[in-house]
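The values are calculated or read from the model by the stated rules, or taken from the named source; none is laboratory data. Bear in mind that the values here come from a model prediction, so they are computed numbers and not experimental data. Virtual Cβ from ideal backbone geometry, glycine too; neighbours counted across all protein chains shown.
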Amino acid sequence: MPVKKVLVVDDSPTERHVLGELLVRNGYLVITAESGEEAITKAKAEKPDLILMDVVMPGINGFQATRTLTRDETTRRIPVIMCTSKDQETDKIWGMRQGALDYLTKPIDQAALLNKIGALG
């Protein structure tokens, strides 16, 4: 199933804007959340085709939100790609253990991100 609707989760308004603009320019419908809590709520309500998840956020971080989403019956089929400044190999391993499909570090390589999204469809 091709990706049409993407939930961008990041506490940085700049990151949400940059990723959102990239996705909209490439034909995707974008919804945003600025916290892990909001991401969980919006994922359940909006049923996006993909979630781009930051890690470092106040409250529920991206690892916790990803774990919650990938273990919940209503959201577990939504792929999550972590998009974060946390670039240690242990962070990547931990992110994947939480259920993430992929892990990209900031600054995000836009072409690589678009290729990964395209490959999901």
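Each row is one residue, and each column tells you yes or no for (1) more than 17 Å from Leu29 (Cβ to Cβ); (2) among the aliphatic types (A, V, I, L, M); (3) at pLDDT below 95.
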{"residue": "Glu46", "(1), (2), (3)": "no, no, no"}
{"residue": "Asp49", "(1), (2), (3)": "no, no, no"}
{"residue": "Asp54", "(1), (2), (3)": "yes, no, no"}
{"residue": "Asn61", "(1), (2), (3)": "yes, no, no"}
{"residue": "Gln64", "(1), (2), (3)": "yes, no, no"}
{"residue": "Asp72", "(1), (2), (3)": "yes, no, no"}
{"residue": "Arg77", "(1), (2), (3)": "yes, no, no"}
{"residue": "Met82", "(1), (2), (3)": "yes, yes, no"}
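Give the residue that is surrounded by the most Cβ atoms within 10 Å (Cβ to Cβ), with candidates limited to residues of the stretch 42-73 that are in contact (Cβ under 8 Å) with a residue 40 or more places away in the chain and over 11 Å from the mean Cα position of the chain (by Cα). Steps first, please.
To start, the set of residues in the stretch 42-73 that are in contact (Cβ under 8 Å) with a residue 40 or more places away in the chain comprises 46-58, 62, 65.
Subsequent filtering for residues that are over 11 Å from the mean Cα position of the chain (by Cα) retains 46-47, 56-58.
Working: Glu46: 14, Lys47: 13, Val56: 13, Met57: 23, Pro58: 10.
Applying the filter and picking the extreme gives Met57.
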task = Name, by its number, the condition in (1) within 19 Å of Lys5 (Cβ to Cβ); (2) touching a strand residue (DSSP E or B) at 6+ places or on another chain (Cβ under 8 Å); (3) without any contact (Cβ under 8 Å) to a residue 40 or more places away in the chain; (4) surrounded by fewer than 17 Cβ atoms within 10 Å (Cβ to Cβ) that does not hold for Val80.
result = (4)
inquiry  = Can you say whether Leu69 is in contact with a helix residue (DSSP H, G or I) (Cβ under 9 Å, 6 or more places away or on another chain), in a helix (DSSP H, G or I) and within 21 Å of Leu23 (Cβ to Cβ), as far as the supplied structure shows?
reply    = yes
key: Enumeration of residues in the stretch 79-121 that are in contact with a helix residue (DSSP H, G or I) (Cβ under 7 Å, 6 or more places away or on another chain), small (Gly, Ala, Ser) and assigned to a loop (DSSP other than H, G, I, E, B)   = Gly99, Ala100
inquiry  = Go through the stretch 8-38 and report how many residues are without any contact (Cβ under 8 Å) to a residue 60 or more places away in the chain, surrounded by 15 or more Cβ atoms within 10 Å (Cβ to Cβ) and outside any helix (DSSP H, G or I).
reply    = 10
